[in-house]
Amino acid sequence: MRRGSIVLLIVLGLAGCSTPRDQAAVAGDLTPIIRSSFRARGQAGLDRLEQTGMQRLCSSPQADALPADLKQRLQREALESVRYPDDGRWLGDWQRGEQIAQSGVGLQYSDKPEAPHGGNCYACHQLSGSEIAFGTIGPSLYRYRERNEGGVDSMRRTWERIWNAHAFNACSLMPRFGDAGILTPDQIRDLMALLLDPQSPVNR
Amino acid sequence: MTPRSWLARTGAFIVVTLASTVGHRGAEAADDPFSSYRQMLGEDNPAELAVARGEEVWKTPRGPSNASLAGCDLGLGPGVVSGAYASLPRYFADTDSVMDFETRLVHCMVTVQGFARDELTAKPFSERGARQTDLEVLTAYAATQSRGTTIDVPQQVRQERESYARGRALFYRRAGPYDFACATCHSADHRRIRLQELPNLTGAEGARSAFEHWPAYRISQGAVRTMQWRLSDCVRQQRLPELVFGSQASIDLITYLGVLARGGAMDAPSLRR
């Protein structure tokens with residue numbers, strides 16, 4: 001975590017005094033409880049319990065009400081985390097993208113570490129019109145291209161959202177698929193095609 | 001009907017129910033494709049098999065001390081099972097700790113019956129398709145003895161209030177490669193993962209719908225699953241390491257949920273997806 005974030009955490013801690021005092025007072029330091037309550041299993045080591053600065057800031061029950069300057073800082077840091085396609089190619093194969101969107105495999109201790117990760121997009125989003133088993137935690141992405149034209153600006157913005165959604169929405173619920181190394185740049189290209197290729201079932 | 005033939009019929013029925021529900025009514029109406037299945041089963045919850053075995057195991061002298069669990073104090077006095085599940089977790093002076101039902105059960109099996117704690121907790125949940133564990137059937141039995149009882153998880157003493165406060169903080173704590181907290185999926189009304197509706201566990205209504213119905217016969221697993229299992233499997237999907245059975249974090253999260261659910265009426269074991 002960067003030094004600036006530590007300072008901001010202290011600021012947030014003070015802001016947290018507006019929450020009911022008894023709750024804030026008795027929760028105390030969770031670290032010893034976290035340490036004793038989990039055991040490493042499969043690919044899920046105890047290091048996963050350590051929080052990043054963003055995770056800590058976004059763990060407040062009032063994360064929606066973060067001060068504007070904190071939100072802007074989280075968004076700026078998220079945008080700075082994005083790595084763009086090194087060959088300037090935004091779109092891959094929508095059919096592979098559909099498979100990635102359907103698959104929820106990856107990073108659970110019950111998953112084989114060598115298995116390719118999925119994006120599990122349908123868990124939270126509507127995408128293709130023909131897939132009715134979609135979740136509603138995130139917005140519908142059906143007919144995404146109609147709303148995002150497909151020019152270079154929307155290509156870049158879509159890439160950035162998949163890489164690290166906090167770039168536009170501090171404390172977004174969506175995993176940082178690029179920044180956290182959940183998906184490879186090639187897989188993100190395939191998801192880009194699922195969203196933006198005119199032939200993709202998302203857009204037909 | 002034998003359990004085996006019941007399962008065979010059930011499996012076929014699930015497929016038919018899902019296919020017809022999704023096919024005819026579409027996604028909006030298919031939030032709970034198991035509801036008609038539940039209605040049809042009515043009182044025939046296969047958890048009753050576990051409950052019956054649990055009652056027998058509860059009342060039979062067992063373990064190195066050759067004692068039954070009749071001497072177990074679940075918080076309402078030694079031997080009182082009726083209504084006890086609905087007021088757990090609570091603080092116990094004899095261990096100076098807040099315990100949920102399952103950790104208190106282990107405590108009784110160790111202190112009353114002489115079982116070894118490590119052996120009891122090494123595999124608390126049955127493998128898929130395997131015989132249910134003693135902990136699972138005993139939990140199913142005890143929950144039945146609170147059916148209809150108003151949930152009254154206490155906040156009388158400091159330790160209980162601290163457990164709630166930690167549970168609430170843990171509920172919102174984001175971590176891991178997916179940045180998930182419990183709150184990521186469970187802090188808004190009428191959200192779904194795929195077709196599965198998610199209870200909003202930040203308020204009484206959603207917390208009651210969850211707390212009232214666990215332990216549950218989990219149709220997709222063909223087994224009774226407990227509240228500790230429910231938390232553990234959520235944590236697995238959060239991409240975190242394994243939540244230790246009976247750990248402080250697990251108890252605190254159940255306290256948080258149980259306190260929010262106060263005023264609801266226990267209706268477990270239920271049938272779940």
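Summary of values
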| read-out | value |
| --- | --- |
| Over the range B:45-272, relative contact order from alpha-carbon pairs under 8 Å, at least 6 apart, % | 26 percent |
| The range A:116-169 shape via C-alpha gyration tensor axes, a/c threshold 1.5 | oblate |
| Two-site label geometry, A:L46 and A:A68: point separation in nm, points 7 Å out along Cα→Cβ | 4.4 nm |
| Mean Cβ count within 10 Å, highest first, over the residues of peptides B:142-148, B:52-58 | B:142-148, B:52-58 |
| Rg ratio (alpha-carbon, reference 2.2 N^0.38 Å) - the range B:45-272 | 0.96 |
| Exercise: per-residue mean of other protein chain Cβ atoms within 10 Å, A:29-38 | 6 |
| Ranked list, fewest to most other Cβ atoms within 10 Å of each Cβ, for B:V244, B:V98, A:V152 | A:V152, B:V244, B:V98 |
| Mean residue ellipticity (222 nm) of the protein assembly as shown, computed from DSSP H runs ≥ 4 via -39,500 (n - 2.57), nearest 500 | -13000 deg cm²/dmol |
| Using θ = phi - 60° and Karplus 6.51 cos²θ - 1.76 cosθ + 1.60, couplings along the range B:175-192 (whole Hz; Gly, Pro as x) | 6, x, x, 9, 6, 8, 10, 3, 5, 4, 9, 10, 10, 9, 7, 6, 9, 10 |
| Order of B:E119, A:E98 - criterion: other Cβ atoms within 10 Å of each residue's Cβ, fewest first | B:E119, A:E98 |
| Calculated on alpha-carbon atoms, Rg and Dmax of the protein assembly as shown in Å | 23.8, 76 |
| Distant-in-sequence amide H partners of B:V98 (H built 1.01 Å from N, under 5 Å) | B:F92 |
| Length gained when the stretch A:Q99-A:T31 is fully extended (0.36 nm per residue, less Cα-Cα span) | 20.6 nm |
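Computed from the coordinates by the stated procedures, all read-outs in this text should not be read as laboratory data. In this text the structure is predicted, and so the values were computed from the model without any measurement. Here the Cβ is made from the backbone with ideal geometry for all residues, glycine too, and neighbour counts use every protein chain on show.
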